[in-house]
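First the structure, which I've put down as C-alpha cells, then a few questions once you've had a look.
Every number in this text was worked out from the coordinates using simple rules, so none of it is lab data. Computed from a predicted structure; not experimentally measured. As a convention, Cβ positions derive from the backbone with ideal geometry for all residues, glycine included, and neighbour counts pool all protein chains shown.
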Amino acid sequence: MNNNPFYRSWQRFLKNRSAVFGLVLIIISVIVAALGYVITPDSTPDANDQILQITNKSPRFKVALLQKHKNKKFEHVSIIDKMILGAENQYELVPINKFHFSNDSIIVEEYTYSERVSQKAFLLADIVSPLNNEALQYSFNGNKVSYNDISGKNFQTSLEALQQQATHQIDTRTFWLGTDKFGRDMFSRLIIGVRISLSVGLIAVAISIFIGVLLGSLAGYFRGWVDELIMWFINVIWSIPTLLLVFAMTLAIGKGFWQIFIAVGLTMWVEAARIVRGQVMGIREMQYIEAAHSLGYSHTRTILLHILPNIVGPLAVVAATNFASAIIIEAGLSFLGIGVQPPKPSWGGMLNENYGYIIGESPFLAIIPGVAIMIMVLAFNFVGNGLRDAMDVKTSINK
C-alpha cells in the first residue's frame, strides 16, 4: 500500500463523483480553450463575423451561404497563429434562399426577414477569385471567360467550369446555438468565451495566491508587530466590498483585457492570506521547524522549504474557490460594461448584450451564456469541495 499522503488524497478525490465530474468539465474546457479558433465555425478574431440578415436566430438555424471572395490580398496564417488569434474571413457571406445562373453571372435571392424578394447579381469570376476592382481585366466571349485576379494572374476557363466552381462556393451552415443581434454565431463566441473565463481565473488566482502566501506567511511566521500590521491591512481590505474595490481599481488602471484580470486578482488575496497565516502559525511550533532553527537555517529557507510545502492542500482548496469567484466577478463586471470590452466574447458581455431578450422571443441569447457561467463555476466548486474532503486530516484517519 502506498503511504504517500498525496497519493491517498488523490485516491479519496477519485471516489468523489461530483469532484471528478467537475475536474472532467474543467479539463474539457481547457482543451476547448486551447484549440480555440481551430474548432469554431467562425474563426475570425473574437468570432466577430457579422451577418446582419440572420440576426437573433434560434438554435439549429440553418441557411445557405454564398461565399464571395473579398477583393483584397490575405497573408498566409499558420495553424498556430489561427488557433491563438484567429484569421480574417476571406469570404463575404451572403445568406440566400435560391440562385440561378445568367450567362457569366449568378443571380441570388437573398435571405431577408420580410416577404419582399431581394435579388443580387455577382460575376462568377468575382465569386471564385478575388479581383482588382480598380484595374479590372475581364472579358466574356461566348463560352469563354478570361480574367485576372488581384495578384495579376490570368485565368481562362469555360463558362460551365466557372459555374461549377461557383456552385461549390455555396455552403449550407447550421448555427447550433443560433445567432445574436449582430448575426454572429453564438456557438463560436461561447467557445472563445471559455478562454476569457479561464484566463481571468488563472491570472487572478496566481496574483491572489502569490500575495496571500507572501503576506500570510510573513504574518504567521514572524508574528508580533509584523503580524499586527499585516492583519490591520487585511482587515481594511476585507471590509471593502469586493465589487466596489474592483470598480475602484478598474477606474484607476483603466478598462481592458489585461487590466480586468489584474484588478480581480488584487481583490482576492485576503482569504488566502488569512488561511496561510493560520496554517503557518500552527506549523511554526512543530519540532522540525525548531530543528531547522537550531541548525541555523535562514528564515527564507525555513518558510519556502519546510513550511509552505505542508500547506499545499489548503492552498489548492482556496485556489479552486477563488477560480470560481473570479469567473463570477469577471462576468459581473463585463455585464456592467466595465470588464472585458466588446467585441471580445466574454460570457458576461454576452449577457449584457442580450439580457433584453430574456422575456421576448429569443431568451436563449441570455440563457446560453448564463448556463455556461453556472456550469463553469459549479465545476470549480465541485473540485474545491472534493479537494477539501480529500485532504482533510480527520477524513484521512477515518479512511
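Quick one: what are the phi-derived ³J(HN,Hα) couplings along region 123-132, Karplus 6.51/-1.76/1.60 with θ = phi - 60°, whole Hz, x for glycine and proline?
With the stated coefficients, region 123-132 comes to 4, 4, 4, 6, 7, 8, 9, x, 10, 9 Hz.
Moving on to the next point. I want to verify the translational diffusion coefficient of the chain in µm²/s; compute it with Stokes-Einstein, Rh as the Kirkwood radius over Cα pairs, at 10 °C and 1.306 mPa s. List each step's numbers first, then the result.
On the way: Rh = 25.2 Å.
The estimated diffusion coefficient comes to 63 µm²/s.
Within region 45-142, list the trypsin sites (Lys or Arg not before Pro) lying in a DSSP loop whose Cβ has at most 12 other Cβ atoms in a 10 Å radius.
Numbers: sites: Lys57, Arg60, Lys62, Lys68, Lys70, Lys72, Lys73, Lys82, Lys98, Arg116, Lys120; in loops: Lys57, Arg60, Lys70, Lys72, Lys73, Arg116.
Counting only loop positions with at most 12 other Cβ atoms within 10 Å, the trypsin sites (Lys or Arg not before Pro) in region 45-142 are Arg60, Lys72, Lys73, Arg116.
A further question on this structure: Could you put Ser362, Ser298 in order, starting from the residue whose Cβ has the fewest other Cβ atoms within 10 Å?
Ser298, Ser362
Holding the Cα-Cα limit at 30 Å, pick out from Lys72/Lys181; Lys72/Lys255; Lys73/Lys120 the pairs that are longer than that.
Lys72/Lys255
Also, quick follow-up: If you rank Ser325, Ser18 by fewest surrounding Cβ atoms within 10 Å, what's the result?
So the ranking, lowest neighbour count to highest, is Ser18, Ser325.
Fully extended, how many nm does the chain gain between Trp232 and Glu110 (0.36 nm per residue separation, minus their Cα-Cα distance)?
Separation in residues times 0.36 nm, less the Cα-Cα distance, equals 37.2 nm.
Scan around Ser105 for amide H atoms under 5 Å from its own, H built in the peptide plane at 1.01 Å from N, and keep only partners 5 or more places away or cross-chain.
Amide H neighbours of Ser105: Leu124.
Please report the orientation-averaged projected area of region 61-175, defined via the convex hull of its C-alpha atoms, in nm².
8.8 nm²
Test of understanding: ordering Ile150, Ile307 by Cβ neighbours within 10 Å, fewest first, what list do you get?
With the sparsest Cβ surroundings first, the list reads Ile150, Ile307.
Okay, helix-only estimate at 222 nm for the chain: each DSSP H run of n ≥ 4 adds -39500 (n - 2.57), divide by all residues, round to 500 deg cm²/dmol; what do you get?
Roughly -17500 deg cm²/dmol at 222 nm, from the helical runs in the chain.
Something else: Once all Cα-Cα distances of region 15-121 are split into 5 Å bins that start at 0, what whole-number percent is in each one?
Spelled out per bin, shortest first, that is 2, 10, 14, 16, 14, 14, 11, 8, 5, 3, 2, 1, 1, 0.
Here's another thing I want to ask about it. Helix by helix through the chain, keep the DSSP H runs that span 18 Å or more along the axis on Cα and average at least -0.5 on Kyte-Doolittle, and give those back in order.
For the chain, where a helix must reach 18 Å along its axis and average at least -0.5, the hits are 17-35, 186-222, 224-239, 269-284, 312-336, 364-390.
Also, quick follow-up: Just report the Cα centroid separation between region 255-294 and region 52-81, whole Å.
Taking the Cα centre of region 52-81 as reference, the centre of region 255-294 is 48 Å away.
How large is the dipole of the chain about the Cα centre if only Lys and Arg carry +1 and Asp and Glu carry -1, each at its Cβ, rounded to the nearest 20 debye?
Details: 32 positive and 28 negative charges, 202 e Å.
My answer is approximately 980 debye.
Enumerate the calculated ³J(HN,Hα) couplings along region 142-156 in order (Karplus 6.51 cos²θ - 1.76 cosθ + 1.60, θ = phi - 60°), each rounded to whole Hz, writing x wherever the residue is Gly or Pro.
With the stated coefficients, region 142-156 comes to x, 10, 10, 10, 10, 7, 10, 7, 5, 8, x, 6, 8, 10, 10 Hz.
Say we join alpha carbon atoms closer than 10 Å with springs in a Gaussian network model of the chain; which of Met249, Met268, Met376 then has the biggest fluctuation?
Met249
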